Every structure is written in structure tokens, then in C-alpha cells.
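Inspection log for the structure reproduced underneath, given as C-alpha cells.
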Amino acid sequence: MSKLKLLLFASLLALVSCYSSKQGRDRERSYNKPYHREDNELKLNMFMLHGTNNTSFVYYKIDNSQLLYKKTDTNNYFSALLKISYKFLPYPEAKEVLDSGTVFVEDKSPQPPATKYLVGYIPFRVNDGQNSYLEIRVWDVFGKKTHTHYIECDKRTSLSQQSFLLESPNKEIWFTNKIAIGSTVSITNNRIGFVNARIDYFANDNSLPPPPFSQKEPLLYPSVPDSSFVIPAADNHSFNLKVTRRGIYYIRLDSVNSGGCIVMGVEQNFPKVQSHTQMIAASRFIMNKEEYQKLNDAADKQAAIESFWLGIAGNGDRAKELIKRYYNRVQDANTFFSSHMEGWKTDMGMIYIIYGTPAKTYKTNNMETWEYYIQNSPPLTFRFEKITNPFSENCYKLQRSPMYKDPWTIAVSYWREGRVYLED
């Protein structure tokens, strides 16, 4: 049985002071393909959970098959070693560091390790009422893979998403609030006692954002719940929620209206899109209205979606490649851009699916700009404005313009001619 061991090279309980300077917060920062998955990138999940008083935790989950194990001691144990360095900053890209340190996580086994997830947490001392940014860099010491993770550390209220722990009924931690339909989730907030959890449910349909040249304003988020119900707390700190439908479950405690926890009901195997109904919906960007209606009405949706792709590809091998490339982009859109809705249905998801990974990305606190370089043409630029959304911090609206009509038509025509537009 392998053991996880935390080796602390620095003060692990980091006292982080409150700092509210806005200097440099709106400075534009350039990123080279931030949505491109590199071969040497570690894939892992992380989230922050605020406990009582001044204690907070960063939970991590990583598939150990990505790590290089070596025999490193006289007992001939197989060992993998992760180096985790962290910095608390007053705001993203700040030069001032509030606190920093390094933690090592070791996994040891007397036998060649079986594939499993390494799950654990790192404790930090974080003051109530503070807001800061945590930058975490992870290295596989014996291998070459790395990962950088950014978390906004918001402990200004006991009702933010970071105050709620989501677990399965058998206490397996969920590293996402995207919960598959049919699952039961145990929701705990140890920072505040409550009698009832009030849940507003908002249905999630397959409405798509308007195309980039449209003057129609998209519906950014719903305002009127489709239904509401109450669940009593089991022990003044937790309750169980059965996720029965796709959509948003907005959870508030007792009669408090400010702040709450979001659970989003999604299809099985999210962020992948595997049901034929979802595959048809996600293909709407390159379908005309009649094609989309025909596929939706088809009795055999699998045959219908396969026939559509075969029709635009011309042969089976080409159709398989197109399907792989298109739905990989849909999956990446779900991974990168999901907010209160699946990522493929957002403005960013729409552009990403059709055009692929932006060649250049520029960010400020309130704006993100994407550039695509197209042969013999000026750069194609899309600007996304960050929107205040009660359900998500990851909500962006595209600045639409009639000038996008021709580039959009050309890009869609490429797909419809059986060609991937702009290789990733």
C-alpha cells in the first residue's frame, strides 16, 4: 500500500495579509496559446476550500500514470516525487509576493505502482475577510512534466463557492461542481451553521450564442428559476442533493440571499460529449436550420449524425478524422470555458470550436483578446468582455460586429467542405 508523504521545505502555514492595491491590475498581459495542451503538461485537478478561523486547504488529484517512478532508497521502493511551489499575490501578475513556499509530495510503493489517483491537500493559513491570488507550480521531479495553476483566494464571506465541499455519499471528494445526472452529492459548509438549504433550479437547454456578426444580444444567464425547493440540513452543516436534470442548482443557506454554491447537472462523462443528442446540438454551428431540425427529429440519432459527417467529408476515414477533431474542440471548450453552462455553448466556446486555439491571447482583469493568424490576411481579432454573473466567475461576452460575417462564413464553409479550419 503506497503512502503519500508531505515534506515541508518552507513554512506551510502561510500567513497572508490583506492587500487591496489596484496598481497594475488592468495591465494587458500576453499569453502564448494558453488553451493549447502541451505534451509536457501535467494534468491535475485543484480547488481551494476555506475552513474555520484562519485555515484553508488546496486539494489536489493527479493520475499517477503521468509520473516517473524511480528506485531511490536502500529498500528498493519505487518513488515518485512532486515539487509544489506556491506564491500568494495581491492580484494577478503582481510583482509583490505576500508569501511563498515549497512543498514536496512523495508516493512510495514496494512494488511497481498500479495506476491510481493521488489525492491529498495542502493546508494554508489564510485570514478571514481576505482576497488574494494563489499561483501554484507543480513539477514531476523525476520526469519532465509541469503544471501551473491559478486560484483566486476569496475568504471575504462564508457563503462563497470556496466554502462548500462537494462529496459523493461515500465521502469521495468531487473536484468539480459539474455533477453527472443521476448522482447524489453531499454538500458541506463547516464555516456556518444552517437549518435549511434553499435550491433554485434553472433548466439548461441547447440554446446557442448568436454568431459573431449578429447584433442580437445573447442571454448571459437566467434570472427566473424553473423551480425551487428546500432540503433540511442533516447536522447544521451539510445535506444531500440528487441531481436529476441538466441545468443549474443554485444553493443558498436559510434566508440569506447574498452568495451561495452552484452545482451544475451535466451529461455522463462531461467534459466529453458522447450522447448523440449532445453531438447533434454541438454541431449546430456548422449546420443550417433544416439540417439541424432533421437530425433532431431523427428516430436513429446515431445514424443521423454519422450520415451528416459522412456527407460533408466524402468518405469514412475523412469523416472519422473530422469527427475526432471537431469534438475534441468541443471537449476542450467544456474544459476551458464552462461557467453556469457547458463551455461549448458560450461565446468563447463557439469561437474556439470553429477557429481552434488562438495563436495569441491578451488578458486584463475585465477583457480577453484572441488573435488568429490567417495566411495573406491581417490578424483576426476577437474581444471578450468579462461579465458579472451571480452563477460563475468565468463568464465572457463577445464584442460582436458585422465585420465578422465574411470570416465566419469562410470558416464554416471549410468545415462543410470536409476540412478542419486552422490546424491546432
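The values are calculated or read from the model by the stated rules, or taken from the named source; none is laboratory data. Since we're looking at a predicted model, the values are computed, not measured. We place every Cβ from the backbone using ideal geometry, glycine too, and count neighbours over all the protein chains shown. These area figures cover heavy atoms from the full protein model, side chains too; ligands, DNA and RNA do not enter into them. Shrake-Rupley method; radii C 1.70, N 1.55, O 1.52, S 1.80 Å.
Restricting attention to segment 207-246 and to residues that are among the small types (Gly, Ala, Ser) and under 19 Å from GLU167 (Cα atoms), the residue that is most open to solvent (accessible area, probe 1.4 Å) turns out to be ALA234.
Checking the condition in contact with a His (Cβ under 9 Å, 6 or more places away or on another chain) and either closer than 30 Å to PHE175 by Cα or open to solvent by 30 Å² or more (accessible area, probe 1.4 Å) (or both), which residue from GLN293, GLN302, GLN278, GLN331 passes?
GLN302
If you check SER183, SER160 for being at pLDDT 95 or above and small (Gly, Ala, Ser), only one passes: SER183. Counting only helices (runs of 4 or more DSSP H) that sit wholly inside segment 291-403, those with at least 3 residues that are touching a Gly at 6+ places or on another chain (Cβ under 6 Å) are 316-337. Looking across segment 237-253, the residues that are assigned to a strand (DSSP E or B) and over 20 Å from ASN269 (Cβ atoms) come down to SER238, PHE239, ASN240, LEU241, TYR250, ILE251, ARG252, LEU253. Do we find a residue being touching a helix residue (DSSP H, G or I) at 6+ places or on another chain (Cβ under 7 Å), part of a strand (DSSP E or B) and buried (at least 17 other Cβ atoms within 10 Å of the Cβ) anywhere in segment 113-131? For segment 113-131, residues touching a helix residue (DSSP H, G or I) at 6+ places or on another chain (Cβ under 7 Å), part of a strand (DSSP E or B) and buried (at least 17 other Cβ atoms within 10 Å of the Cβ): present. Screening segment 1-94 for strands (runs of 3 or more DSSP E) wholly inside it with 3 or more residues that are in contact with a strand residue (DSSP E or B) (Cβ under 7 Å, 6 or more places away or on another chain) and modelled with pLDDT under 80 returns the ranges 3-8, 29-31. For the residues ARG400, ARG383, the requirement of being open to solvent by 10 Å² or more (accessible area, probe 1.4 Å) and either touching a strand residue (DSSP E or B) at 6+ places or on another chain (Cβ under 8 Å) or β-branched (Val, Ile, Thr) (or both) singles out ARG383.
Contact annotation: residue pairs with Cβ atoms under 7 Å, 6 or more positions apart or on different chains, pairing a residue in segment 195-206 that is open to solvent by less than 30 Å² (accessible area, probe 1.4 Å) with a partner that is assigned to a loop (DSSP other than H, G, I, E, B) and charged (D, E, K, R), are TYR201/ASP226; PHE202/ASP226; ASN204/ARG246.
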